[in-house]
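Below: one structure, written as structure tokens.
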Amino acid sequence: MISLLQEIINVLPALKTRKTYIRINHGGILKAVLYSMDLQDRHSEVFQVLNTAREEKYSGPRVENCLEEVLANPMNVVTLSKLFLQEETLLVVQSAVMEMIKRNKEAIAIAKKAFEQLKLVLSHADAMGNKVCYRVHLPVLATHCYEAMSPVKA
């Protein structure tokens, strides 16, 4: 994927000069947040709601309204909505997520693995000379995360 991106950038050099960035994500980020909220059994419903919100390009209040349909806890609704709307550098998202999940060992293990894998991808991209900026963005993964959620052994 990284080499394909590099080829595209080489063919379209304007991407190097513009403020272009690539949205990336890892299913483990949302998985960790759901574990920290004790919502691992509701993952399919949450992913479906987030996928609909992504497809329909919903903004803040509309995302919250959708999440309220499947989540009883208003704090969980607000937290997931903010995470869904966030688009930041890897370090900013990592800091925010680790703060959210700091009391759940399983969630921490899942998140650490996800962030390590994302850092590895970015380091490979950098080693290949890919100088495009990357942003972590939850909606990128909403379509692809219907995998079974199982605990990670730390």
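The values are calculated or read from the model by the stated rules, or taken from the named source; none is laboratory data. This one's a predicted model, so the numbers in the text were calculated from it and none came from an experiment. Quick reminder, even Gly has a Cβ in these numbers, built from the backbone with ideal geometry, and neighbours come from all protein chains shown.
In a helix (DSSP H, G or I), under 16 Å from the mean Cα position of the chain (by Cα) and surrounded by 13 or more Cβ atoms within 10 Å (Cβ to Cβ) - does that describe any residue in segment 61-70?
yes
Name every residue in segment 28-60 that is of a type outside the set (D, E, K, R) and not in a helix (DSSP H, G or I), in order of residue number.
Going residue by residue through segment 28-60, those that are of a type outside the set (D, E, K, R) are 28-30, 32-37, 39-40, 43-44, 46-53, 58-60.
Passing the criteria: MET37, LEU39, TYR58, SER59.
For ILE101, work out the one condition from (1) in contact (Cβ under 8 Å) with a residue 40 or more places away in the chain; (2) within 30 Å of GLY129 (Cα to Cα) it doesn't fulfil.
Among (1) in contact (Cβ under 8 Å) with a residue 40 or more places away in the chain; (2) within 30 Å of GLY129 (Cα to Cα), ILE101 violates only (2).
Taking LEU91 and the conditions (1) surrounded by fewer than 16 Cβ atoms within 10 Å (Cβ to Cβ); (2) of a type outside the set (D, E, K, R); (3) outside any helix (DSSP H, G or I), which numbered condition does it fall short on, given that it satisfies the others?
Checking LEU91 against (1) surrounded by fewer than 16 Cβ atoms within 10 Å (Cβ to Cβ); (2) of a type outside the set (D, E, K, R); (3) outside any helix (DSSP H, G or I), the one that fails is (3).
Against the condition modelled with pLDDT of 90 or more, in contact with an Asp or Glu (Cβ under 9 Å, 6 or more places away or on another chain) and part of a helix (DSSP H, G or I), how does VAL78 come out, does it pass?
Against the criterion (modelled with pLDDT of 90 or more, in contact with an Asp or Glu (Cβ under 9 Å, 6 or more places away or on another chain) and part of a helix (DSSP H, G or I)), VAL78 does not qualify.
May I ask you to list the residues in segment 94-114 that are crowded, with 19+ Cβ neighbours inside 10 Å and either touching a His at 6+ places or on another chain (Cβ under 6 Å) or farther than 13 Å from MET37 by Cα (or both)?
GLN94, ILE110, ALA111, ALA114, listed by residue number.
Based on what the data block shows, is SER95 out of contact with any helix residue (DSSP H, G or I) (no Cβ under 7 Å at 6 or more places or on another chain) and closer than 30 Å to HIS124 by Cβ? Give the derivation first.
Details: out of contact with any helix residue (DSSP H, G or I) (no Cβ under 7 Å at 6 or more places or on another chain): yes; closer than 30 Å to HIS124 by Cβ: yes.
Yes, satisfied.
Any idea which residue in segment 115-142 is surrounded by the fewest Cβ atoms within 10 Å (Cβ to Cβ), counting only those that are in contact with a strand residue (DSSP E or B) (Cβ under 6 Å, 6 or more places away or on another chain) and farther than 15 Å from ILE29 by Cβ?
CYS133
Is it the case that segment 105-120 has a residue that's among the aliphatic types (A, V, I, L, M) and closer than 24 Å to ASN10 by Cβ?
yes
Would you pick out the residues in segment 40-57 that are buried (at least 20 other Cβ atoms within 10 Å of the Cβ) and touching a helix residue (DSSP H, G or I) at 6+ places or on another chain (Cβ under 7 Å)?
VAL46, VAL49, LEU50, ALA53
Any residue at all in segment 49-58 that is among the polar types (S, T, N, Q), over 14 Å from the mean Cα position of the chain (by Cα) and at pLDDT below 90? Show your work before the answer.
Narrowing segment 49-58 to residues among the polar types (S, T, N, Q): 51-52.
Now drop any that are not over 14 Å from the mean Cα position of the chain (by Cα), which leaves 52.
Checking which are at pLDDT below 90 leaves us with 52.
Taking every residue of segment 49-58 in turn, at least one turns out to be among the polar types (S, T, N, Q), over 14 Å from the mean Cα position of the chain (by Cα) and at pLDDT below 90.
So, of the residues in segment 73-88 that are free of Cβ contacts under 8 Å to residues at least 40 places away in the same chain and crowded, with 17+ Cβ neighbours inside 10 Å, which turns out to be nearest to ARG54 (Cα to Cα)?
Ranking the candidates gives SER81 first.
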